[in-house]
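See structure below.
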Amino acid sequence: RSEDIYVIRDGTFTHCTSLVLSSLPSTVIRIESQAFSFCESIVSMNLPQATEFIGARSFKSCYSLETMVCGAGLEYAEDGAFSDNPSLRMLIIPSKTYVKDDGVIYGDDNITVYAGTTSPLIYHCNKKGIPCVKLNENSAQILITRDRFEINDEIMDSEIGFIINSDEYLGFAPN
């Protein structure tokens, strides 16, 4: 049962080139090293709010990966967690996430990182000249990962990327 999955072990889906997946069960707390490396068919990934740890090279060389949204519970991302993804355009990561070093996204030249001003990853991006968007950490908003919104669209819980303290919007949801 998917609701009983708490850990995705080292290399579980490595080289599953046909794996099409955009989210994980909400119970996943830990993604270990190389769990999804070389999964070439993953285009976007929304990590659960409960996910606290992403191991080294977990999403390395997912060549079609364009968007990675990390849940608010993410505390630690190891070296190369999102590296060598030439299609990666957007990484949204909580400010509190400790990144082992800037190698968490090495080789991703076209990426824009979205995180709060206190994020260590934002610091590294500024230092290396990687595009980043500093989100103000004074007010709470919800970032929605859907690209387009129409009037009266129903927004499902599964479409909410994570809650971050921000004054900037990537999307909006009608009341």
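The values are calculated or read from the model by the stated rules, or taken from the named source; none is laboratory data. All of these numbers come straight from a predicted model, not from anything done at the bench. Cβ sites come from the backbone with ideal geometry, for glycine too, and all protein chains shown count toward neighbours. We work out accessible area using only protein heavy atoms, side chains counted, and drop any ligands, DNA or RNA first. Shrake-Rupley method; radii C 1.70, N 1.55, O 1.52, S 1.80 Å.
Pairing residues of segment 64-75 that are without any contact (Cβ under 8 Å) to a residue 60 or more places away in the chain with residues that are among the small types (Gly, Ala, Ser), at Cβ distances under 9 Å and at least 6 apart in sequence or on separate chains, gives Ser64/Ser41; Ser64/Ser87; Leu65/Ser44; Leu65/Ser87; Glu66/Ser44; Glu66/Ser87; Met68/Ser44; Gly73/Ala50.
Checking each residue in segment 41-65 for being open to solvent by 50 Å² or more (accessible area, probe 1.4 Å) and either more than 18 Å from Ile105 (Cβ to Cβ) or assigned to a strand (DSSP E or B) (or both) picks out Gln49, Glu52. The set of residues in segment 27-39 that are surrounded by fewer than 16 Cβ atoms within 10 Å (Cβ to Cβ) and either of a type in the set (Lys, Arg) or at pLDDT below 95 (or both) contains only Thr27. The single condition from (1) in contact with a helix residue (DSSP H, G or I) (Cβ under 8 Å, 6 or more places away or on another chain); (2) at pLDDT 90 or above that Ser23 fails is (2). Restrict the check to segment 104-121 and report whether at least one residue is modelled with pLDDT of 90 or more, on the phi < 0 side of the Ramachandran plot, charged (D, E, K, R) and open to solvent by 10 Å² or more (accessible area, probe 1.4 Å). No: zero hits. For segment 144-166, the condition of being under 22 Å from Cys39 (Cβ atoms), polar (S, T, N, Q), modelled with pLDDT under 60 and part of a helix (DSSP H, G or I) holds for at least one residue. Residue-level check: of (1) open to solvent by 10 Å² or more (accessible area, probe 1.4 Å); (2) not in a loop (DSSP other than H, G, I, E, B), Met68 misses just (1).
Would you be able to say whether some residue in segment 93-103 is open to solvent by 30 Å² or more (accessible area, probe 1.4 Å), part of a loop (DSSP other than H, G, I, E, B) and β-branched (Val, Ile, Thr)? No, because not a single residue in segment 93-103 is open to solvent by 30 Å² or more (accessible area, probe 1.4 Å), part of a loop (DSSP other than H, G, I, E, B) and β-branched (Val, Ile, Thr).
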